[in-house]
1. Picking from SER358, SER351, which residue would you name as being hydroxyl-bearing (Ser, Thr, Tyr), part of a loop (DSSP other than H, G, I, E, B) and open to solvent by less than 30 Å² (accessible area, probe 1.4 Å)?
2. Inspect all residues belonging to the range 161-169 and state whether any of them is open to solvent by 10 Å² or more (accessible area, probe 1.4 Å), part of a strand (DSSP E or B) and at pLDDT 95 or above.
3. Within the range 405-429, which residues are over 23 Å from the mean Cα position of the chain (by Cα) and in contact (Cβ under 8 Å) with a residue 60 or more places away in the chain?
4. Out of the residues in the range 126-155 that are within 20 Å of PHE277 (Cβ to Cβ) and not hydrophobic (A, V, I, L, M, F, W, C), state the one that is surrounded by the most Cβ atoms within 10 Å (Cβ to Cβ).
5. Tally time: how many residues in the range 175-189 are touching a residue at least 60 places away in the same chain (Cβ under 8 Å) and open to solvent by 50 Å² or more (accessible area, probe 1.4 Å)?
6. If the requirement is being touching a helix residue (DSSP H, G or I) at 6+ places or on another chain (Cβ under 8 Å), of a type in the set (D, E, K, R) and more than 20 Å from LEU397 (Cβ to Cβ), which of these qualifies: ARG338, ARG312?
7. Could you run through the range 455-476 and say how many residues are closer than 26 Å to SER406 by Cα, assigned to a helix (DSSP H, G or I) and open to solvent by less than 10 Å² (accessible area, probe 1.4 Å)?
8. In the list SER199, SER107, which residue meets the criterion of being at pLDDT 95 or above and among the small types (Gly, Ala, Ser)?
Amino acid sequence: DIIQLTSPKFLYFRRHTHSGRRLVHYLRQPESKLLPVTMKSISPLFSVSTAKSPIFYFSPISQRLSSVKFAAPPKINSPDTKRPSSKSAKTLSAAPTIDPITTTAASASPKKVLLPIGFGTEEMEAVILADVLRRAGAEVTVASVEQQLEVEAYGGTRLVADTFISTCSNEIFDLVALPGGMPGSARLRDCEVLQKITSRQAEEKRLYGAICAAPAVTLLPWGLLKRKQTTCHPAFIDKISSFRVVKTNTQVSGELTTSRGPGTSFEFAICLVEQLFGEPVAREIGELLLMNPAGDDPKRQEFNEVGWSLDRTPQVLIPIANGSEEIEVVTLIDILRRAKVNVVVASVEKSAQVLASSGTKIVADKLINATSDSIFDLIILPGGAAGAERLHKSKILKKLLKEQESAGRIFGAICSSPAVLQKQGLIKDKKATAHPAVLDKLKDGVNDAQVVIDGKLITCQGFATAIQFALAIVSKLFGHARARSVAEGLVYQYPRS
């Protein structure tokens, strides 16, 4: 379904989080361009059937919908996403009035963030930073320090940058955030353009930050840690002066913010959101991402326990689509590959490159039709409302999942995708969980656990719980000791037993 609205350059709408709180969003509407809005962002506002298409496009038409009020928000230079459609337009018969809401994010000037990446950049850190900051309303530019836009990250994920770092040299950013990883941090260090940008950022007292190896490997040689309390990944902490080093997960020292590793990426990103937009917005985003309150232990429930151990290297398929949730995709790939699992990422689209739900471009290893005759020990569906719907429509994936279930092999889903398994009749008489927005679609949904395992089915709520989901898979395949070892490398707190 295509919904088209006439408006000024921006449409102003309200999104409710599952806690009942509200976030303000402004959608840029350039002339003759379409802006995709995911179903989970806008479905609370309109009573329109979205069974066939969970993506809404806003573009100019001649008829104005008088029942929708538009505000005049500040100018936002967010990147545009072109996604043409040949479907006919439908108008809304009755849309609710949208009242203005004042929040820190709405009243502040648009915030520009530079996120550089290079060969060997830690993909979880880069993608979580980009996703979380974009959700908060920042305009994030992912810039390659290499001579090509496509970059192979630390765990083998192939990411495509928005631009080259050379195009950013004269821009002013509110924040420059450096992901870690090796040799990614060294690639950033050796980029003269990035050094000049970041040094100017520090000199002019604007925000800059780094995570994992980047504080010690990148910022330290540039002289940007002077008189700053700093943290970093434990493997690199001895490079920093003992007088200035701290071992907290995230450390703010003036304009500099540092953090320890992939497992602290959410905390790092939320800390940066708070500095850019204020504490209320940071709290809202944290709740939206299903982050655990401080001191809360991740909850996992298991029913009908069976062993998953194999006498060979596990073969895992992760299908992806336009609209898949990039945090979940990249977290699964990264953690499973750290555990020495053979992960195949397959696109259900006509192209290997997909555009994820928050604008990250990911290149799959192959197309789904190249896997049609393969046997996988585990198939995992990532979430994202639009992506889940496109996965559901893939005939080849449907065939693979049916064979997986009938052969008694392992399969799972996260976020919105457990509803896909439900539609395909693959979780009958099984306990499962999902994102709170779709949990009521499951017959035996479990609402008090982040990860639920029932026999050879594993499901998860999504977003920040994806780390726990991936580690639960590692634990079932290889045992608790392997999962704990991987968690330590991530700098992620994991139960001792």
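The values are calculated or read from the model by the stated rules, or taken from the named source; none is laboratory data. Note that the structure is a prediction, hence the values are computed from the model and not measured. Virtual Cβ from ideal backbone geometry, glycine too; neighbours counted across all protein chains shown. Accessible surface is based on the protein model in full, side chains and every heavy atom, while ligands, DNA and RNA are left aside. Shrake-Rupley method; radii C 1.70, N 1.55, O 1.52, S 1.80 Å.
1. Details: SER351 fails: open to solvent by less than 30 Å² (accessible area, probe 1.4 Å).
Result: SER358 is the single residue among SER358, SER351 that is hydroxyl-bearing (Ser, Thr, Tyr), part of a loop (DSSP other than H, G, I, E, B) and open to solvent by less than 30 Å² (accessible area, probe 1.4 Å).
2. The answer is yes, given that some residue of the range 161-169 is open to solvent by 10 Å² or more (accessible area, probe 1.4 Å), part of a strand (DSSP E or B) and at pLDDT 95 or above.
3. First pass over the range 405-429, keeping only residues over 23 Å from the mean Cα position of the chain (by Cα): 405-410, 422-429.
Listed by number, the list holds a single entry, ILE410.
4. Going through the qualifying residues, I end up with ASP131.
5. Matching residues across the range 175-189 total 3.
6. Step by step, each of ARG338, ARG312 is checked, and only ARG338 is touching a helix residue (DSSP H, G or I) at 6+ places or on another chain (Cβ under 8 Å), of a type in the set (D, E, K, R) and more than 20 Å from LEU397 (Cβ to Cβ).
7. 6
8. Working: SER107 fails: at pLDDT 95 or above.
Exactly one of SER199, SER107 is at pLDDT 95 or above and among the small types (Gly, Ala, Ser), namely SER199.
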